[in-house]
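Engineer: Mind having a look at this structure? Questions to follow.
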Amino acid sequence: MAFSIKKIGVIGAGQMGSGIAHVCALAGFEVKLNDVSADRVKAGIATINGNMARQMSRKRISEEDRQAALKRIAPADKFDAFEDCDLVIEAATEKEDVKRAIFATLCPSLKRDAIIGTNTSSISITRLASSTDRPERFIGIHFMNPVPLMELVELIRGIATGDATFEATKQFVDKLGKTIAVAEDFPAFIVNRVLMPMINEAIYTLYEGVGNVEAIDTAMRLGAHHPMGPLELADFIGLDTCLSVMQVLHDGLADSKYRPCPLLVKYVEAGWLGRKTQRGFYDYRGDKPVPTR
């Protein structure tokens, strides 16, 4: 019988993890949500509640849908809570050493046939799989941000990922109502391989004084019909995440065209990471965002 996924574990209750838990619960899956502290899990569940309320006000879901979905989400203090999960998705910070440490601790708590998915946006699936006891049951499941709104999921097989794992994961993503793009296991996969160098180039355009923040974002919004300018988008994603993806591309493909812009590095060193820290290419501390350059 084909392996079917019913119970989901999610590691990380931040922007991505809470979004993944949100769509899984709405699609009828039981979800256990874990983070480094109970407070973070509580905050993640509060975010889910707020986002579902917003979906309700826009008539995307009913009050019954919201209540039923929230009942399907339970906090998981320890990885032991994942012992009956069919799939555990890691959505921790985009740092390879953090992810590898999580997998090493997680594996002993899982049943033998459980699948491990990673929401990494750029790191080698093959390399991450090698830090587990089940490389054939390991796969990249890269959701886009914000998860409840974005229709795409990239599926990435590592060199050892088995066909049964791939098929079961495909069925799971289908049940979420998302569209799948299958990507090969190369640095940053498809979306970020194309998107991040564009954002990096926009930052170079700012760095070299070709245009200011407002001119660059207006040019790409109105001149290329992008819903959001690249610098505004960088702030939304998080400049630290943009930098780490560019570093993965630069290290993995050894091509100077992927060199992170020094201005991006400077903003990250200053702790100006975008919306989450209230400052990036825009300052978000007032009534409306103001360009910082």
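Here, each number is a calculation from the coordinates, and none is a lab measurement. In this text the structure is predicted, and so the values were computed from the model without any measurement. Here the Cβ is made from the backbone with ideal geometry for all residues, glycine too, and neighbour counts use every protein chain on show.
Engineer: Once you've got the Cα coordinates, tell me which of K6/K42; K175/K257; K71/K95; K32/K288; K78/K288 are over 29 Å apart. All intermediate terms of the calculation are to be shown ahead of the outcome.
Structural biologist: Numbers: K6/K42 23 Å; K175/K257 39 Å; K71/K95 32 Å; K32/K288 37 Å; K78/K288 40 Å.
In this structure, K175/K257; K71/K95; K32/K288; K78/K288 exceed 29 Å between Cα atoms.
Engineer: Against the longest principal axis of the chain, how steep is helix 239-253, in degrees 0 to 90 to the nearest 10, with axes from Cα atoms?
Structural biologist: 80
Engineer: Please compute the net charge surrounding T120, taking Lys and Arg as +1 and Asp and Glu as -1 over other residues with Cβ under 9 Å from its Cβ.
Structural biologist: Details: positive: K99; negative: E90, E94, E96.
Its environment carries a net charge of -2.
Engineer: While we're looking at this one, here's another question. Relative contact order for region 7-183: what is it in percent, counting Cα pairs under 8 Å that are at least 6 residues apart? Write out the running numbers ahead of the final one.
Structural biologist: Numbers: 327 pairs, mean separation 36.1, N = 177.
The normalised contact order for region 7-183 reaches 20 percent.
Engineer: Okay, moving on. In what order do L33, L243, L263 fall by count of nearby beta-carbon atoms within 10 Å, going from fewest to most?
Structural biologist: The order, fewest Cβ neighbours first, is L263, L243, L33.
Engineer: What ranking do L253, L195 get, fewest neighbouring Cβ atoms within 10 angstrom at the top?
Structural biologist: Details: L253 14, L195 19.
Neighbour counts put them in this order, fewest first: L253, L195.
Engineer: About the Cα centre of the chain, how large is the charge dipole given +1 on each Lys and Arg Cβ and -1 on each Asp and Glu Cβ? Please answer in debye to the nearest 20.
Structural biologist: Numbers: 36 positive and 37 negative charges, 119 e Å.
So the magnitude is around 580 debye.
Engineer: Among H250, H225, which comes first, then next, by fewest other beta-carbon atoms within 10 Å?
Structural biologist: Numbers: H250 17, H225 7.
The most exposed by this proxy come first: H225, H250.
Engineer: Then there's this: Among A183, A92, A69, which one shows the highest mean-square fluctuation when the chain is modelled as a Gaussian network with alpha-carbon springs under 10 Å?
Structural biologist: Largest GNM mean-square fluctuation: A183.
Engineer: What range in the chain is the longest one free of GluC sites (Glu not before Pro) that are in a loop by DSSP and have at most 10 other Cβ atoms within 10 angstrom?
Structural biologist: 1-150
Engineer: Also: Mind listing the phi-derived Karplus ³J(HN,Hα) values for region 46-59, rounded to whole Hz, using 6.51, -1.76 and 1.60 with θ = phi - 60°, and x for any glycine or proline?
Structural biologist: My calculation for region 46-59 gives 5, 4, 4, 4, x, 5, 5, 4, 5, 4, 5, 5, 8, 6 Hz in order.
Engineer: With springs only between Cα atoms under 10 Å, which of K276, K59, K99 fluctuates most in a Gaussian network model of the chain?
Structural biologist: K59
Engineer: Hey, another quick one. Could you list the trypsin sites (Lys or Arg not before Pro) in region 108-216 that lie in coil according to DSSP, counting only those with at most 11 other Cβ atoms within 10 Å of their Cβ?
Structural biologist: Listed in order of number, the matching sites are K111, R112.
Engineer: Shifting gears a bit: Which of A202, N212, P227 sits farthest toward the positive end of the charge dipole of the chain, with +1 on the Cβ of Lys and Arg and -1 on the Cβ of Asp and Glu?
Structural biologist: Highest projection toward the positive end goes to P227.
Engineer: Between S109, S122, S57, which gets the highest mean-square fluctuation from a Gaussian network model of the chain, Cα cutoff 10 Å?
Structural biologist: Ranking S109, S122, S57 by mean-square fluctuation puts S57 first.
Engineer: Take the alpha-carbon centre of region 190-240, take the same for region 108-125, and report the distance between them in whole Å.
Structural biologist: Centre-to-centre distance over Cα atoms comes out at 32 Å.
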